[in-house]
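Here is the structure we will look at, set down as structure tokens.
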2 protein chains.
Amino acid sequence: MKLQPVPLKSVKLHDHYLSFLTELCGESVIPYSIKRCDETGRIASFKLDWKPGMPNAPHVFWDSDFAKVLEGMALDLMLHPSDERRKELDEYVDLVVSAQQPDGYLNTHFTVVEPENRWSQLFVNHELYCAGHLMEAAVAHFRATGSRKFLDCMARYADYIASVFGTEDGKLKGYPGHEEIELALCKLADATGNRKYSDLAKYFIDQRGQSPNYFEMEFKRSNAQLPPNYTMDLQAHKPVREQREAVGHAVRAGYLYTGMAEIADRYNDAELLETCKALFENITERRMYVTGGIGSSISGEKFTEDFDLPNAFSYAESCASIALCLFAQRMLNITGESKYAELIELELYSGATAGIARTGTEFFYVNLLEKDKRPMAWGHLSAERQPWFDCSCCPTNYCRFLPQLSQFAFSCKPDGLQINIPVDAAIELPLEGGRTLKATITGNYPYANTFRVTLDEDCPDAEIAMRVPSWLCNPIAWFNGKIVPIDRSGWLRYRRDWRKGDFLDVSHELKPRCLFADPRVSDDAGKVALALGPVIYAVESVDNGDDLSTLLLPVNQEFELVPAAGLPNGTIAIKASGYRESAAVSGKLYSTARPQRVPCTITAIPYALWGNRGPSSMRVWIRALY
Amino acid sequence: MKLQPVPLKSVKLHDHYLSFLTELCGESVIPYSIKRCDETGRIASFKLDWKPGMPNAPHVFWDSDFAKVLEGMALDLMLHPSDERRKELDEYVDLVVSAQQPDGYLNTHFTVVEPENRWSQLFVNHELYCAGHLMEAAVAHFRATGSRKFLDCMARYADYIASVFGTEDGKLKGYPGHEEIELALCKLADATGNRKYSDLAKYFIDQRGQSPNYFEMEFKRSNAQLPPNYTMDLQAHKPVREQREAVGHAVRAGYLYTGMAEIADRYNDAELLETCKALFENITERRMYVTGGIGSSISGEKFTEDFDLPNAFSYAESCASIALCLFAQRMLNITGESKYAELIELELYSGATAGIARTGTEFFYVNLLEKDKRPMAWGHLSAERQPWFDCSCCPTNYCRFLPQLSQFAFSCKPDGLQINIPVDAAIELPLEGGRTLKATITGNYPYANTFRVTLDEDCPDAEIAMRVPSWLCNPIAWFNGKIVPIDRSGWLRYRRDWRKGDFLDVSHELKPRCLFADPRVSDDAGKVALALGPVIYAVESVDNGDDLSTLLLPVNQEFELVPAAGLPNGTIAIKASGYRESAAVSGKLYSTARPQRVPCTITAIPYALWGNRGPSSMRVWIRALY
């Protein structure tokens, strides 16, 4: 029995971190993004009244930006029903639907700016990508409102796409230059009950990278010169089943792999699932920052080589972490393996949420792991949180990512609940046979040494699986106060007739961990990263003064946990003893005398919260004494 | 009595490194550069027959490229007189001179491509820069051949420039967007005996950065938006005398400061000299790689912030090191302070000669201090030595830099010789009063533990100053076999009636030094660089295998000196004991277990010679145990 994300309405988060972000989304991120979409022409573009010479020509990826906001609005509406917001959403949906062409096509750029180029340059344009995000928005709108208007519109669009693409004679044998539609088509198949949409997704995945290479043919047709490794940048250098290394544009890769996992699951495709597992392994054990960031190079926003993870020159796009999170979610729900849950919580507490300020209106596109006084190396991008970007995929992605946080924390099946992240929450999950599993989780996870799930009502013959994170130190589990064994699967799994008041506890020694990287990661060699549970820490100049490279952290010590100054209530800082080095000869840049050391205190805060207290320097990897 | 570079003909280098490069220049670098200049249209451009629509439109900086090659040819001709080469050079000179306009103007781009824009956009174009290099070439041609043709041509050009620029009414109050002409005009003044040319250089220097800012006015006129810090990028954000930090484009800065030193010297301008000293200090103690590389950022090829010296993402343009070398040479000859000689030898053995392969036909534009398997971060540039560049300033700069090496090693005054770098050489220096100082230096500096200067003939009442490098370990000096004291000035200075056979020895313990950077240099903290004398070392994968970040070097050890495998005869490698780290848990990218260490041998070779044995990884800064 496969797992699914829990229905959005079945969980109310109560913790101080994830619930804060979920609420922030509806209150701030979404209204702000609508405003920016409006100001920049991203909404008006759906009126299709743009004419050459006018400003704000609809850009090839604009549809996707607004689609992500609409998806977020729909998801947020499920969490916070509101007639007013429903009305606003429906009006936007009407506008989007009005842009559909008689044949089902729906893309503002290729309808008004360059209609002659429809489907002509998949390798560089974003038509199928935009279609995918619109489909996801339509499914969310349907789930939130029950209205089929948007859903039917996008089903028509998908029907039209299916008439254009395929292996049959007369069809284009193409596939997306920017993947995303694969996973969206699977959602569309679920919402409509029509398997032809997942068949189309399967086609896109199976066709990708086949020979002769479609993108190479497109390049040839357009008389452009194929940049080196271009098909690899788009994960189309060989059939996806033959791919074992995560390559190319990291966001594209994450969405593709998510779609591959969906198809592997739906079509019981063991070979494809094996590919997904290998790619996940390659990413997480070779090409991922300790924060969960992926895609280390600005050049193509892409994966580079194994262990090439520079900190001060990281790229690690926010969207790429979100995409990896989506991939891990599918893998978790297919396989039930706890390592996928562990990656998800790493992203939720570090990589995927570092990109949004506590205000909800400022963002990182690029996530540095080390920032000194240096001006940002990556041209137009900034090392300070920014209000918006010309390519504003990351802010709009948060609109639809944050309302889903509970669906990463909890999975379900018809007869039970899986607690992937035992975060404080109230759960009221409908099970098959009209049962409801009602439970409460308490413990201030990940910041306390005990967390507990308590049944709030009787529930016969149901399974509860609670994850026991591998990073727990000396964990002990109790059922109704009696110690029970923990096996190595990473799950406490109980099927029984639950009684109101039953409880499962896990306690452990809450203490920071020193993480070492494989020393082939050049920038991390000789350094440690501090972690407390799934939370990766960083030192920031606000707490430690400038010149963070002068700090030395002995790894053998008892760390102290203290409230973090100037950060949201409940945020825990790690306090450590260390040393500060200075040049032996003052004023000499280079000297044969070794630097001098004086004892000092080192304070680390959660990485995801850096840059929320004004301009600062920051580093995740601290020079270690070991 | 001020110092001058020795006349080129007065020194014959005999060492294995500098003389190799000097010979390589005439045999390989210059003929190769002529070929590339020819192929790319840089020579034909002086025919002024380019028309719109034709390929190879003369570029704004092409004149400077060919000028540098001509200067190199002339310098090389002084070292290696040859009728054939003289004829070839004269033909090129004829061609260049033929491009002079009736008013004296000489610039191919602004004569045939956009004549309407002459002098209109100094902030971005390179007119005065090209003029400067042509003047230097003309002076060298005059010195080499005695012909005044090119010199007079460039004097006419300078006369014309002086009629265009100045503070007088009706003149443009502008100055170069790319400095260089200042130092060239001083050379022109010397060669012609006409002080008006150094007056013009003084004007350019005094006017630079005055208010209202000339570049800002140019931007305003062209309706362009001034990029942030643009005037600072060109060292024109304030009057040069008020500048205390080296900012902006590093090559421009180096040439400007060289010109400033020239003017400070010629006009006895103590304030300007003080500025030069402060800028030199700021560069060398805050903003310079241990190799002598400067300008750490590709963004504007410029200086950034104090201690911002990333190794794997260094820029450190070859031309910038050459420019710094020129600046240090002027400061040395003005002040006699040994620290300037020390910087010169650092550049000659490391930073300024790393950019040229031992073949003489491949070059680094960018000098990385650390290269892993990562693709080059800096776009079109490569981490492998390249045959040429679209902007090929560095290869052509070597054409004229390498023949001058002896002039960095030795300075002179009317009554004596100053040995800045006691490199093996035969010297026959004319002194005033018809005397000749004839001496030989032996000892295989910098690679042996004794070096000696021996008088080959009597020479009455002359001074010999021999530098005693500050990095010598326990040096002892002898005069004719008797120990003499060494004071802290850095010079052994003797004035006497020299007899044939007199000799000065300096001996020392030749052993590698471990250099530590100020730990505020983020990338160097916890690491050491190995140096042997002025030679900065690097570890290369050819000798040490890949994954150089896994190497650990204990600093307290006796290093071994061995011949370097696969590098030119005489090259010394440093052999050390160290450790290689590997991940504690195989296949885990991050782990709480500290990496494991196994003993290994570490071999370092001179940094300037890396990348001469096929593709490789390299790093200067090695993780240290101390």
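Mind checking which residues of segment B:445-467 are crowded, with 18+ Cβ neighbours inside 10 Å and at positive phi?
Scanning segment B:445-467 gives no hits.
Inspect all residues belonging to segment A:25-32 and state whether any of them is among the polar types (S, T, N, Q), in a helix (DSSP H, G or I) and buried (at least 24 other Cβ atoms within 10 Å of the Cβ). Outline the logic, then answer.
If we filter segment A:25-32 for residues that are among the polar types (S, T, N, Q), which is where we start, we get A:28.
Still in the list and also in a helix (DSSP H, G or I): A:28.
Imposing the further condition that a residue be buried (at least 24 other Cβ atoms within 10 Å of the Cβ) reduces the set to none.
So far as segment A:25-32 goes, no, none of its residues is among the polar types (S, T, N, Q), in a helix (DSSP H, G or I) and buried (at least 24 other Cβ atoms within 10 Å of the Cβ).
May I ask you to say which residue of B:VAL535, B:VAL542 is aliphatic (A, V, I, L, M), more than 9 Å from every other protein chain (Cβ to nearest Cβ) and more than 27 Å from the chain's Cα centre (by Cα)?
B:VAL542
Of all residues in segment A:411-467, how many are assigned to a strand (DSSP E or B), closer than 16 Å to A:LYS9 by Cα and of a type in the set (Asp, Glu)?
Counting residues in segment A:411-467 that are assigned to a strand (DSSP E or B), closer than 16 Å to A:LYS9 by Cα and of a type in the set (Asp, Glu) gives 1.
Which pairs have Cβ atoms under 6 Å, sit 6 or more apart or on different chains, and link a residue in segment B:282-295 that is surrounded by fewer than 24 Cβ atoms within 10 Å (Cβ to Cβ) to one that is of a type in the set (Asp, Glu) and outside any helix (DSSP H, G or I)?
B:ASN282/B:GLU245; B:ARG286/B:ASP306
I need the full set of residues from segment B:135-182 which are aromatic (Phe, Trp, Tyr), buried (at least 24 other Cβ atoms within 10 Å of the Cβ) and within 16 Å of B:GLN100 (Cα to Cα), in order please. Break it down stepwise before answering.
Residues of segment B:135-182 aromatic (Phe, Trp, Tyr): B:142, B:150, B:157, B:160, B:165, B:175.
Now restrict to residues that are buried (at least 24 other Cβ atoms within 10 Å of the Cβ): B:150, B:175.
Result: B:PHE150, single match.
In segment B:486-508, which residue that is modelled with pLDDT of 95 or more and not in a strand (DSSP E or B) is nearest to the other protein chains (Cβ to nearest Cβ)?
Once the filter is applied, the top-ranked residue is B:ASP502.
For segment B:549-584, what are the residues that are within 9 Å of chain A (Cβ to nearest Cβ) and either free of Cβ contacts under 8 Å to residues at least 60 places away in the same chain or closer than 30 Å to A:PRO534 by Cβ (or both)?
B:SER549, B:THR550, B:ARG580, B:GLU581, B:SER582, B:ALA583, B:ALA584
Taking the criterion of being closer than 24 Å to A:LEU343 by Cα and more than 14 Å from chain B (Cβ to nearest Cβ), would at least one residue in segment A:509-531 satisfy it?
Yes, that holds for at least one residue.
Output yes when any residue across segment B:504-527 is over 30 Å from B:SER577 (Cβ atoms), buried (at least 16 other Cβ atoms within 10 Å of the Cβ) and out of contact with any Phe, Trp or Tyr (no Cβ under 8 Å at 6 or more places or on another chain), and no when none is.
No, segment B:504-527 contains no residue that is over 30 Å from B:SER577 (Cβ atoms), buried (at least 16 other Cβ atoms within 10 Å of the Cβ) and out of contact with any Phe, Trp or Tyr (no Cβ under 8 Å at 6 or more places or on another chain).
Which is of a type in the set (Gly, Ala, Ser), modelled with pLDDT of 95 or more and closer than 24 Å to A:SER64 by Cβ, of A:ALA224, A:ALA184?
Only one candidate passes the filter, namely A:ALA184.
Any chance you could count how many residues in segment B:508-521 are under 13 Å from A:LEU589 (Cβ atoms) and either of a type in the set (Val, Ile, Thr) or in contact (Cβ under 8 Å) with a residue 12 or more places away in the chain (or both)? Quick ask: steps written out before the conclusion?
Just the residues of segment B:508-521 that are under 13 Å from A:LEU589 (Cβ atoms), to begin with: B:515-521.
Right, trim to either of a type in the set (Val, Ile, Thr) or in contact (Cβ under 8 Å) with a residue 12 or more places away in the chain (or both) and you get B:515-518, B:520-521.
Result for segment B:508-521: 6.
Please specify each residue of segment B:476-493 satisfying the condition of being surrounded by fewer than 17 Cβ atoms within 10 Å (Cβ to Cβ) and on the phi < 0 side of the Ramachandran plot.
So in segment B:476-493, the residues surrounded by fewer than 17 Cβ atoms within 10 Å (Cβ to Cβ) come out as B:476, B:478-489, B:493.
Matches in segment B:476-493: B:ILE476, B:TRP478, B:PHE479, B:LYS482, B:ILE483, B:VAL484, B:PRO485, B:ILE486, B:ASP487, B:ARG488, B:SER489, B:ARG493.
If you go through segment B:106-156 one residue at a time, how many are assigned to a loop (DSSP other than H, G, I, E, B), in contact with a helix residue (DSSP H, G or I) (Cβ under 7 Å, 6 or more places away or on another chain) and over 23 Å from B:GLU84 (Cβ atoms)?
Of the residues in segment B:106-156, the ones assigned to a loop (DSSP other than H, G, I, E, B) are B:106-107, B:114, B:118-126, B:146-148.
Still in the running and in contact with a helix residue (DSSP H, G or I) (Cβ under 7 Å, 6 or more places away or on another chain): B:106-107, B:118-119, B:121-123, B:126, B:147-148.
Checking which are over 23 Å from B:GLU84 (Cβ atoms) leaves us with B:106-107, B:118-119, B:121-123, B:126.
So the answer is 8.
Checking the structure you have, find out if any residue of segment B:518-536 is within 19 Å of B:ASN612 (Cα to Cα) and not basic (Lys, Arg).
Yes.
May I ask you to list the residues in segment A:606-624 that are part of a strand (DSSP E or B) and in contact with a Lys or Arg (Cβ under 9 Å, 6 or more places away or on another chain)?
Residues satisfying the conditions are A:MET618, A:ARG619, A:ILE622, A:ARG623, A:ALA624.
Please determine whether any residue of segment B:383-394 is within 14 Å of chain A (Cβ to nearest Cβ) and either of a type in the set (Gly, Ala, Ser) or over 21 Å from B:THR335 (Cβ atoms) (or both).
Yes, that holds for at least one residue.
If only one of B:ASP38, B:ASP49 is among the acidic types (Asp, Glu) and part of a loop (DSSP other than H, G, I, E, B), which one is it?
B:ASP49
Scanning for something touching a residue at least 40 places away in the same chain (Cβ under 8 Å), surrounded by fewer than 24 Cβ atoms within 10 Å (Cβ to Cβ) and touching a helix residue (DSSP H, G or I) at 6+ places or on another chain (Cβ under 6 Å), does segment B:367-386 turn up at least one residue?
No, segment B:367-386 contains no residue that is touching a residue at least 40 places away in the same chain (Cβ under 8 Å), surrounded by fewer than 24 Cβ atoms within 10 Å (Cβ to Cβ) and touching a helix residue (DSSP H, G or I) at 6+ places or on another chain (Cβ under 6 Å).
Exactly one condition in (1) within 18 Å of A:PRO375 (Cβ to Cβ); (2) among the acidic types (Asp, Glu); (3) modelled with pLDDT of 95 or more; (4) out of contact with any helix residue (DSSP H, G or I) (no Cβ under 8 Å at 6 or more places or on another chain) is false for B:GLU305; which is it?
(3)
Give the residue that is farthest from the other protein chains (Cβ to nearest Cβ), with candidates limited to residues of segment A:251-291 that are among the charged types (D, E, K, R) and under 16 Å from A:ASP199 (Cα atoms).
At the first step, the residues of segment A:251-291 found to be among the charged types (D, E, K, R) are A:252, A:262, A:265-266, A:269, A:271, A:274, A:277, A:281, A:285-287.
After this cut, where a residue has to be under 16 Å from A:ASP199 (Cα atoms) as well, the list is A:262, A:265-266, A:269.
Values: A:GLU262: 26, A:ASP265: 26, A:ARG266: 30, A:ASP269: 26 Å.
The selected residue is A:ARG266.
Could you look through segment B:597-626, keep only residues that are among the charged types (D, E, K, R) and within 14 Å of another protein chain (Cβ to nearest Cβ), and pick out the one that is farthest from the chain's Cα centre (by Cα)?
The residue in question is B:ARG597.
Of all the residues that make up segment B:29-87, how many are under 27 Å from the mean Cα position of the chain (by Cα), within 22 Å of B:MET135 (Cβ to Cβ) and of a type in the set (Lys, Arg)?
4
Within segment B:587-596, can you find the residues that are at the interface with chain A (Cβ under 9 Å from one of its Cβ atoms) and surrounded by fewer than 19 Cβ atoms within 10 Å (Cβ to Cβ)?
Correct list: B:GLY587, B:LYS588, B:SER591, B:THR592, B:ALA593, B:ARG594.
Quick grid of which residues meet (1) without any contact (Cβ under 8 Å) to a residue 40 or more places away in the chain; (2) part of a helix (DSSP H, G or I):
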site	(1), (2)
A:ALA158	no, yes
A:GLY174	no, no
A:HIS178	no, no
A:LEU185	no, yes
A:ASP206	yes, yes
A:GLY209	yes, no
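Hey, could you check segment B:338-377 for residues that are part of a loop (DSSP other than H, G, I, E, B) and among the aliphatic types (A, V, I, L, M) and say which is farthest from the other protein chains (Cβ to nearest Cβ)?
Per the criteria, the residue is B:ALA357.
Determine if segment B:304-315 includes at least one residue that is more than 12 Å from every other protein chain (Cβ to nearest Cβ) and either in a helix (DSSP H, G or I) or in contact (Cβ under 8 Å) with a residue 24 or more places away in the chain (or both). Explain how you work it out, then say what you get.
Applying the first criterion (more than 12 Å from every other protein chain (Cβ to nearest Cβ)) to segment B:304-315 yields none.
Among the residues of segment B:304-315, not one is more than 12 Å from every other protein chain (Cβ to nearest Cβ) and either in a helix (DSSP H, G or I) or in contact (Cβ under 8 Å) with a residue 24 or more places away in the chain (or both), which makes the answer no.
Among the residues in segment B:240-248, are any surrounded by 19 or more Cβ atoms within 10 Å (Cβ to Cβ) and over 22 Å from B:PHE307 (Cα atoms)?
Among the residues of segment B:240-248, at least one is surrounded by 19 or more Cβ atoms within 10 Å (Cβ to Cβ) and over 22 Å from B:PHE307 (Cα atoms), which makes the answer yes.
The values are calculated or read from the model by the stated rules, or taken from the named source; none is laboratory data. Note that the structure is a prediction, hence the values are computed from the model and not measured. FYI the Cβ positions are ideal-geometry reconstructions off the backbone, even for glycines, and counts take in every protein chain you see.
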